[in-house]
Amino acid sequence: MLRNEIAEKDTWDLTPLFADVASWEQAYSDAESGIAAFPEKMQTMLTSGKVLYHVCKELVALSEELDRVYTYAHLRFSEDTTNNEARQLMGKAQNLLTAFSEAIAPFDTILLTLEQETLDGFFRDFPALETEYGIMLRNTFRMKPHTLTQAEEQLMAAFSKERATAEETYESLTSSDLKFGTIRDEKGEEVELTDTNYAMYMRSSDRKVRKAAFQTLYKTYGQFGNTFASLYAGQIEAEKVCAKVRHFDSALSASLFPDHMTPEIYNNIIDSISGHLDVLFRYYRLKRKVLGLDEMHMYDIYLPLNQGEKRHFTYEEAVDEVLAAVSVFGQEYVDILKAGYDRRWVDVYPNTGKVGGAFSGGCATSEPYILLNFQGLDEDVSTLAHESGHSMHSYFTRHNNPLQYADYRIFVAEVPSTVNELLLAYYRLEHSDDRDEKLGILGNLLDLYKSTIYRQIMFAEFERDTHAMSEQGEVLTAELLCEHYYALNEKYFGGEVVLDEEIAREWMRVPHFYYNFYVYKYAIGLTAASHIVKRIRKGEPGALDSYFAFLKLGSTKNPIESLKVAGVDMTSTEVFDSAVEMFGDLITEFEKLYENPEA
């Protein structure tokens with residue numbers, strides 16, 4: 001449908017942000033003026049605690065004003081990228097964001113010329129500075145050993161675009177330049193294979209189609225192996241140089257530092273999960289049996305466990321399911337979420353020009369908006385639950401913190417969303433009498449654990465190892481990278497799946513390897529969520545209270561300490577053991593239902 005064909009009740013209401021474009025233009029102009037005036041104010045901010053307080057206050061207010069301007073433009077653009085007015089708003093907002101980043105860039109370096117004793121004196125002389133901005137300022141001071149002079153920081157900023165060259169070249173190569181040729185689909189018709197439709201063909205019920213897609217895709221990647229190796233090695237080199245310049249002992253340490261993570265915790269995650277590969281091997285044996293395969297190849301692993309007919313949902317049914325599933329949180333949570341749905345937080349259906357996928361957005365002073373492309377599938381209901389988890393996290397943190405702490409780190413962002421997703425799955429399992437539906441839900445959960453925990457940890461291990469190789473002086477050739485990636489597949493598939501030789505090239509098509517140690521955060525989200533859901537479902541005393549306390553923290557604590565508030569200690573093995581135990585229990589439940597149709 002076209003955008004104007006969607007019923008108003010099924011679109012988000014952006015008027016609480018701005019009544020109209022004229023109001024947005026006025027806010028844009030005000031923000032532009034504020035940005036222009038801010039650099040001069042920074043020059044005097046170290047004269048006293050009172051002056052620093054007012055500069056901090058203005059910085060936070062200006063940042064929020066910009067967030068509102070950008071959020072409105074981004075949401076308008078996301079709902080219809082073909083709308084010329086929305087495209088213009090987005091372009092202006094992006095330019096304003098760049099101007100803001102440049103204007104405030106000296107803030108940290110100016111602040112860090114202070115000695116700690118002087119800052120402590122500012123806190124004593126003007127207590128409101130510590131009360132309102134103490135956490136923010138101390139977090140900045142934590143970066144002092146890794147912050148350069150103002151001139152050096154400006155030089156680093158000037159080279160930021162160049163440091164992204166490997167990632168940008170990779171994206172251009174994989175999204176635009178690579179051509180994979182054609183395969184024959186289930187009807188025997190010749191179709192073009194792309195990196196986008198590859199996933200669809202890997203879920204085809206026709207094994208010949210899956211095999212053809214697998215071999216065709218990686219044949220093309222293999223032809224550019226040296227190019228991909230050069231790009232990846234270049235990315236690692238850039239990360240190494242930046243880490244060294246900022247006085248970190250490795251790129252891994254530099255990447256983990258902002259989240260208060262350490263290489264020891266990172267390695268503990270890998271060791272804990274890879275120490276439970278026996279449960280993963282159980283999953284692959286089950287899958288081979290259910291799919292009726294004598295041997296399972298790499299092109300078989302994405303075929304869904306349950307091939308039965310899928311249930312179709314209306315959006316209203318999806319809302320009811322989600323609200324029922326989260327009722328374990330109590331009436332307050334349900335009432336807030338229901339009111340949000342009624343106030344049109346959600347932009348529901350796909351339309352021409354709308355961006356794909358789903359997200360939860362907004363800013364500290366707006367509604368926590370949700371973009372969907374709802375089509376009534378099982379996964380669409382899960383997506384609504386997932387994005388609602390993000391939005392409720394945003395709601396609670398924004399309503400319980402001042403602007404400067406009304407957000408949270410991406411490190412913990414996937415926890416509440418995944419908690420909701422798991423609760424929905426368990427609710428549906430407990431309230432369904434349809435065997436096929438229950439097998440489908442269990443199968444989806446099993447695939448979620450396999451892909452989000454084990455697969456991402458395998459990626460995390462590859463990323464750690466390849467950085468270590470580079471730091472030890474090894475040249476990262478395509479041959480070396482393929483050999484190591486194949487060896488990791490041998491470890492994580494344990495002889496349960498035939499390792500077709502093409503899988504050695506899979507590292508070439510993983511964009512996350514250009515995101516600087518990002519993939520482990522997916523595993524954090526699901527393992528932490530599993531632990532929280534297990535505590536809630538068992539009715540463990542204090543489980544709900546600790547979870548709500550976590551939702552309300554914002555950025556008042558670092559990510560590791562925030563998770564401890566929710567009862568999740570990432571420095572121990574308990575949370576990972578708990579997630580693996582849930583994975584094993586789900587396998588057992590699937591086996592019982594599959595083998596006993598009358599059960």
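The values are calculated or read from the model by the stated rules, or taken from the named source; none is laboratory data. Just so we're clear, the structure is a prediction, and the values are computed from it rather than from any experiment. Counting neighbours? That spans all protein chains shown, and the Cβs are built from the backbone with ideal geometry, glycine included.
Name the residue, out of TYR426, TYR395, that is out of contact with any Pro (no Cβ under 9 Å at 6 or more places or on another chain) and more than 22 Å from LYS564 (Cβ to Cβ). Talk me through it step by step, then tell me what you get.
Details: TYR395 fails: out of contact with any Pro (no Cβ under 9 Å at 6 or more places or on another chain).
Selected residue: TYR426, the only one of TYR426, TYR395 that is out of contact with any Pro (no Cβ under 9 Å at 6 or more places or on another chain) and more than 22 Å from LYS564 (Cβ to Cβ).
Every listed requirement among (1) touching a residue at least 40 places away in the same chain (Cβ under 8 Å); (2) surrounded by fewer than 17 Cβ atoms within 10 Å (Cβ to Cβ) is met by GLU463 save one, (2).
Give the stretch 421-471 a look and list any residue that's among the hydroxyl-bearing types (Ser, Thr, Tyr) and not in a helix (DSSP H, G or I), or say none.
Correct list: SER432 only.
Pairs linking a residue in the stretch 103-126 that is closer than 14 Å to SER48 by Cβ and in the same structural domain as LEU148 (by TED's automatic domain parsing) to a residue that is part of a helix (DSSP H, G or I) and of a type in the set (Lys, Arg), with Cβ atoms under 7 Å and 6 or more positions apart or on different chains, are PHE126/LYS50. Screening the candidates GLU32, GLU25, GLU40 for the property of being without any contact (Cβ under 8 Å) to a residue 12 or more places away in the chain, assigned to a helix (DSSP H, G or I) and surrounded by 13 or more Cβ atoms within 10 Å (Cβ to Cβ) yields one hit, GLU25.
Filtering the stretch 205-216 to residues that are buried (at least 18 other Cβ atoms within 10 Å of the Cβ) and in contact (Cβ under 8 Å) with a residue 60 or more places away in the chain leaves ARG210, LYS211, ALA213, PHE214.
So SER29 fits all but one of (1) polar (S, T, N, Q); (2) in contact with a helix residue (DSSP H, G or I) (Cβ under 9 Å, 6 or more places away or on another chain); (3) more than 30 Å from LEU372 (Cα to Cα); what number is the exception? So the condition that SER29 fails would be (2). Of everything in the stretch 266-275, what is buried (at least 16 other Cβ atoms within 10 Å of the Cβ) and more than 10 Å from TYR492 (Cα to Cα)? Give them in sequence order. Across the stretch 266-275, the qualifying residues are TYR266, ASN268, ILE269, ILE270, SER272, ILE273.
State all residues of the stretch 407-424 that are under 30 Å from LEU137 (Cβ atoms) and surrounded by 21 or more Cβ atoms within 10 Å (Cβ to Cβ); if no residue qualifies, say none. Correct list: TYR408, PHE411, VAL412, GLU414, VAL415, PRO416.
Quick one: how many residues across the stretch 561-586 are among the β-branched types (Val, Ile, Thr), buried (at least 19 other Cβ atoms within 10 Å of the Cβ) and in a helix (DSSP H, G or I)?
Result for the stretch 561-586: 2.
Scanning the stretch 57-99 for residues being under 15 Å from GLU32 (Cβ atoms) and aliphatic (A, V, I, L, M) gives a total of 10. Six or more apart or on different chains, Cβ under 9 Å: which pairs go from a residue in the stretch 352-367 that's over 16 Å from GLY389 (Cα atoms) and not assigned by TED's automatic domain parsing to the domain that holds LEU66 to one that's of a type in the set (Phe, Trp, Tyr) and surrounded by fewer than 21 Cβ atoms within 10 Å (Cβ to Cβ)? Could you list them? Pairs that qualify, where the first residue is over 16 Å from GLY389 (Cα atoms) and not assigned by TED's automatic domain parsing to the domain that holds LEU66 and the partner is of a type in the set (Phe, Trp, Tyr) and surrounded by fewer than 21 Cβ atoms within 10 Å (Cβ to Cβ): there are none.
To keep it simple, each residue is scored yes or no on (1) more than 30 Å from LEU173 (Cβ to Cβ); (2) assigned to a loop (DSSP other than H, G, I, E, B).
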| residue | (1), (2) |
| --- | --- |
| ALA212 | no, no |
| GLU237 | no, no |
| HIS247 | yes, yes |
| PHE257 | yes, no |
| LEU280 | yes, no |
| TYR283 | yes, no |
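Being in contact with a Lys or Arg (Cβ under 9 Å, 6 or more places away or on another chain) and either of a type in the set (Ser, Thr, Tyr) or over 18 Å from MET42 (Cα atoms) (or both), is that true of even one residue in the stretch 95-115? No, that holds for no residue.
Could you list all residues from the stretch 539-550 that are in a loop (DSSP other than H, G, I, E, B) and under 15 Å from VAL575 (Cβ atoms)? Talk me through it step by step, then tell me what you get.
Narrowing the stretch 539-550 to residues in a loop (DSSP other than H, G, I, E, B): 539-542.
Matches in the stretch 539-550: GLU540 only.
For the stretch 503-530, the tally of residues that are of a type in the set (A, V, I, L, M), surrounded by fewer than 19 Cβ atoms within 10 Å (Cβ to Cβ) and assigned to a helix (DSSP H, G or I) stands at 0.
Condition check: in contact with a Gly (Cβ under 7 Å, 6 or more places away or on another chain) and assigned to a helix (DSSP H, G or I). Does THR216 satisfy that? Against the criterion (in contact with a Gly (Cβ under 7 Å, 6 or more places away or on another chain) and assigned to a helix (DSSP H, G or I)), THR216 qualifies.
The listed residues are SER432, SER382, and the only one of them that is of a type in the set (Ser, Thr, Tyr) and surrounded by fewer than 20 Cβ atoms within 10 Å (Cβ to Cβ) turns out to be SER432. Checked against (1) without any contact (Cβ under 8 Å) to a residue 40 or more places away in the chain; (2) within 21 Å of MET392 (Cβ to Cβ); (3) not in a helix (DSSP H, G or I), LEU553 passes all but a single condition, namely (1).
In this structure, does VAL290 turn out to be under 22 Å from SER451 (Cα atoms) and either among the small types (Gly, Ala, Ser) or buried (at least 18 other Cβ atoms within 10 Å of the Cβ) (or both)? Steps first, please.
Numbers: under 22 Å from SER451 (Cα atoms): yes; either among the small types (Gly, Ala, Ser) or buried (at least 18 other Cβ atoms within 10 Å of the Cβ) (or both): yes.
It is true that VAL290 is under 22 Å from SER451 (Cα atoms) and either among the small types (Gly, Ala, Ser) or buried (at least 18 other Cβ atoms within 10 Å of the Cβ) (or both).
One residue stands out among those in the stretch 336-369 that are part of a strand (DSSP E or B) and touching a Gly at 6+ places or on another chain (Cβ under 9 Å): the one that is surrounded by the most Cβ atoms within 10 Å (Cβ to Cβ), which is VAL346. Does HIS399 satisfy the condition of being crowded, with 23+ Cβ neighbours inside 10 Å and either among the aromatic types (Phe, Trp, Tyr) or modelled with pLDDT of 95 or more (or both)? So HIS399 fails the test. Looking at THR71, THR109, just one residue is at pLDDT 95 or above and of a type in the set (S, T, N, Q), and that residue is THR71.
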